[in-house]
Amino acid sequence: MMPASPAARFVRGALVAAIIAFAWWRFSENTADNDLWGHVLYGERTLAAGAIERTDPFSWTAPNAPWINHEVLAECALGLAHRAAGGTGIWLLMIIVSGLTVIWALRQGAGVEREQKWVALLLLAASTNFIALGCAARPQLFTLLALVALLSFLRRFLSGAISWGSALPPLFAVWANTHGGFLAGLLVLITAALAECASLFVPRLAGLLPFAPPSWRPGGVRIIVITVLSILAVALNPWGLSLLTWTIQSVRLPRPWISEWQPTSFTFANLPFFIVLAGSAWAWIFTRRPRRLWEAAVLVLLAAMALASRRHQPLFGLANLILTPRHLADAYDQMSERIASLRTLFARTSTQWLTGFALLAGAVACLHASVSAPRQRPFTIEVPRDEYPVAAIAFIRAHRLTGNMLTYFDWGQQVLWELPYNPVSFDGRLDTVYPPDVMNAHWDFYAGKGIAPALAIDRAPIALLPASCGGVELLRNRGWHLIYRDPLACILVPPKSKFSGLDLQAPPTLVGPKELSGRDPFPTALPELADPRRRATP
């Protein structure tokens with residue numbers, strides 16, 4: 001083989017630099033997740049108490065209700081990171097887990113052939129935008145890592161390395177105490193087991209369909225045993241196997257106000273996902289390399305889940321990065337003659353130098369974007385003032401407006417951290433605490449459909465809601481007074497307010513967009529409710 005020319009080496013190096021810079025920019029996103037305040041708070045309380053809280057200490061609509069706080073290991077990890085270095089510690093934990101997840105998946109998909117390595121790297125670049133959706137500082141981050149571990153262990157196990165199967169039950173035991181995504185992992189494992197058994201016990205299947213037969217005959221019994229043991233391992237949590245049935249019921253609940261649970265629509269933002277989906281399907285159809293039925297079945301399952309809910313796009317992206325590059329490499333090889341003129345063009349020295357410099361410029365632009373606006377403190381978690389009610393919370397605190405609060409679910413856990421004397425009506429814990437009638441009452445309230453009995457507004461002396469929320473008009477029609485408004489949030493109090501310092505006849509305090517510009521760092525100091533002896537008290 002002729003050694004590569006300086007121009008060819010330059011363009012390859014520039015391509016690697018551009019992909020790494022792009023991935024860094026997207027995976028280092030430092031905007032706080034809606035539930036981050038809560039996850040850190042619950043982790044701090046668990047660490048301090050040395051035990052898991054079983055009843056809710058925070059809300060007034062479900063006081064002392066059973067609390068299925070099943071993400072306790074992830075929350076303790078976030079709590080420890082916060083104790084070590086505040087928002088910077090949380091950001092570093094996010095970067096480390098995301099990096100480990102993506103690098104592991106990339107190495108699994110890259111194989112040993114040079115062409116496949118390049119294809120895997122390009123597939124990562126194409127998938128980065130939607131994989132990064134799941135790589136925020138929240139428990140879902142650990143599900144992505146666990147999925148990569150599952151597929152890695154499963155490939156080895158189903159290729160004849162029997163000992164790797166013994167790693168799956170312990171993986172699920174940890175996963176079930178970290179994030180509810182263990183249910184997706186079980187679906188992947190069951191799908192793989194059924195497909196492998198079909199290949200083993202229906203020999204004609206491999207002849208009827210273009211899939212390679214399993215490489216080892218005794219695999220069917222073993223994969224069934226490992227699957228059963230993994231399901232039983234899920235029971236190693238404080239709620240036993242009932243956590244599995246609860247999680248199944250949970251994922252079926254409607255979440256009309258949570259965008260990531262909505263179907264993946266064909267929009268410009270989702271275009272990378274659809275391009276990768278189409279390209280991967282093309283590769284699996286036209287590849288000449290042996291296909292494994294279980295791998296195809298898993299990818300079909302995860303693609304269907306991603307189409308049903310944007311939340312699952314990262315799961316498909318990582319699985320696809322592991323399982324598809326060898327087929328993409330072969331499909332590309334088959335096309336090489338058809339694109340000979342294009343290959344000739346890129347073989348020219350001048351084209352390679354120009355392409356290399358363009359890629360380097362792109363890498364520099366990505367690195368600059370990772371440390372510039374809107375990010376103000378790029379190496380810590382930040383709270384955008386135009387996404388979270390920072391200014392409204394400051395108003396509540398300054399005027400000492402305490403008591404039960406009607407809250408928007410996305411802001412409830414921030415309220416727990418910032419306003420410990422304001423028990424919330426609803427927050428992002430959803431059905432881990434709140435009964436269905438309370439949840440449905442809030443969804444209808446936010447949509448302006450009405451106020452159900454489960455939402456006893458007469459028990460709340462204050463409301464903090466989005467300015468665009470339909471519930472604002474419902475309250476005003478019942479005589480509630482608007483006392484504060486900014487482009488993001490409203491604060492309202494009932495007709496007979498208990499706050500003597502408020503002049504309800506005066507016009508509301510109006511705050512403009514300027515006060516909502518910029519970002520605040522995620523708080524470093526522990527909240528008052530981090531002490532497990534404390535409960536949210538008006």
(message) I'd like to know if segment 68-81 contains one or more residues that are closer than 25 Å to residue 17 by Cα and open to solvent by 10 Å² or more (accessible area, probe 1.4 Å).
(response) no
(message) Of all residues being touching a Gly at 6+ places or on another chain (Cβ under 8 Å) and open to solvent by less than 40 Å² (accessible area, probe 1.4 Å) in segment 16-29, which is farthest from residue 428 (Cα to Cα)? Just the residue, please.
(response) 18
(message) Looking only at segment 86-130, filter to residues that are farther than 28 Å from residue 520 by Cβ, crowded, with 17+ Cβ neighbours inside 10 Å and of a type in the set (Val, Ile, Thr); which one of those is modelled with the lowest pLDDT?
(response) 119
(message) Out of everything in segment 483-538 that is of a type in the set (A, V, I, L, M) and modelled with pLDDT under 90, what residue ends up being surrounded by the fewest Cβ atoms within 10 Å (Cβ to Cβ)?
(response) 506
(request) Residues that are out of contact with any Lys or Arg (no Cβ under 6 Å at 6 or more places or on another chain) and closer than 26 Å to residue 239 by Cα: find the helices (runs of 4 or more DSSP H) completely inside segment 75-188 holding 1 or more of those. (result) 140-158, 168-175
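Conditions (1) touching a helix residue (DSSP H, G or I) at 6+ places or on another chain (Cβ under 6 Å); (2) in contact (Cβ under 8 Å) with a residue 24 or more places away in the chain; (3) open to solvent by 40 Å² or more (accessible area, probe 1.4 Å), marked per residue:
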{"position": "252", "(1), (2), (3)": "no, no, yes"}
{"position": "267", "(1), (2), (3)": "no, no, yes"}
{"position": "298", "(1), (2), (3)": "yes, yes, no"}
{"position": "303", "(1), (2), (3)": "yes, yes, no"}
{"position": "307", "(1), (2), (3)": "no, yes, yes"}
{"position": "310", "(1), (2), (3)": "yes, yes, yes"}
{"position": "322", "(1), (2), (3)": "yes, yes, no"}
{"position": "332", "(1), (2), (3)": "no, yes, yes"}
{"position": "357", "(1), (2), (3)": "no, yes, yes"}
(message) Please count how many residues of segment 95-106 are of a type in the set (A, V, I, L, M) and touching a residue at least 60 places away in the same chain (Cβ under 8 Å).
(response) 4
(message) I'm trying to understand the selection: among the residues of segment 164-179, which are open to solvent by less than 20 Å² (accessible area, probe 1.4 Å) and modelled with pLDDT under 95?
(response) 165
(message) Among the residues that make up segment 368-389, is at least one of them over 30 Å from residue 510 (Cβ atoms), assigned to a helix (DSSP H, G or I) and touching a residue at least 12 places away in the same chain (Cβ under 8 Å)?
(response) yes
(request) Please enumerate the residues belonging to segment 489-538 that are among the basic types (Lys, Arg) and either part of a loop (DSSP other than H, G, I, E, B) or touching a residue at least 12 places away in the same chain (Cβ under 8 Å) (or both). (result) 496, 498, 519, 533, 534, 535
(request) Output the residues belonging to segment 366-407 that are surrounded by fewer than 16 Cβ atoms within 10 Å (Cβ to Cβ) and touching a helix residue (DSSP H, G or I) at 6+ places or on another chain (Cβ under 8 Å). (result) 379, 397
(message) Within segment 214-237, does at least one residue satisfy the condition of being aromatic (Phe, Trp, Tyr) and either modelled with pLDDT of 85 or more or exposed (fewer than 13 other Cβ atoms within 10 Å of the Cβ) (or both)?
(response) no
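With respect to residue 468, determine if the residue is within 17 Å of residue 410 (Cβ to Cβ), small (Gly, Ala, Ser) and in a loop (DSSP other than H, G, I, E, B). So that I can check it myself, show each step before the final result.
Numbers: within 17 Å of residue 410 (Cβ to Cβ): yes; small (Gly, Ala, Ser): yes; in a loop (DSSP other than H, G, I, E, B): yes.
When the stated conditions are applied, residue 468 passes them.
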(message) Restricting to segment 439-462, name every residue that is part of a helix (DSSP H, G or I), touching a Leu at 6+ places or on another chain (Cβ under 7 Å) and under 24 Å from residue 36 (Cα atoms).
(response) 439, 442
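With respect to residue 68, is the statement that it is touching a helix residue (DSSP H, G or I) at 6+ places or on another chain (Cβ under 6 Å), closer than 16 Å to residue 27 by Cα and either at pLDDT below 95 or of a type outside the set (Ser, Thr, Tyr) (or both) true?
So residue 68 does not fit the description; no.
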(request) Could you identify the single residue in 441, 394 that is free of Cβ contacts under 8 Å to residues at least 12 places away in the same chain, over 17 Å from residue 55 (Cα atoms) and either touching a Ser or Thr at 6+ places or on another chain (Cβ under 8 Å) or not polar (S, T, N, Q) (or both)? (result) 394
(request) Confirm whether residue 361 is assigned to a helix (DSSP H, G or I) and either among the basic types (Lys, Arg) or open to solvent by 30 Å² or more (accessible area, probe 1.4 Å) (or both). (result) yes
(request) Filter segment 408-425 down to the residues that are in a loop (DSSP other than H, G, I, E, B) and farther than 18 Å from residue 527 by Cα, then identify the one that is most open to solvent (accessible area, probe 1.4 Å). (result) 408
(request) Report, by residue number, each residue of segment 456-482 that is β-branched (Val, Ile, Thr) and either at pLDDT below 95 or closer than 22 Å to residue 400 by Cβ (or both). (result) 457, 462
(message) Only one of 447, 398, 460, 394 is farther than 27 Å from residue 527 by Cα and among the aliphatic types (A, V, I, L, M). Can you tell me which?
(response) 447
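The values are calculated or read from the model by the stated rules, or taken from the named source; none is laboratory data. All values derive from a computational prediction rather than experimental measurement. Backbone-built Cβ (ideal geometry, glycine too); neighbour counts: all protein chains shown. The protein model used for the area step is the full one, side chains on, heavy atoms only, and it has no ligands, DNA or RNA in it. Shrake-Rupley method; radii C 1.70, N 1.55, O 1.52, S 1.80 Å.
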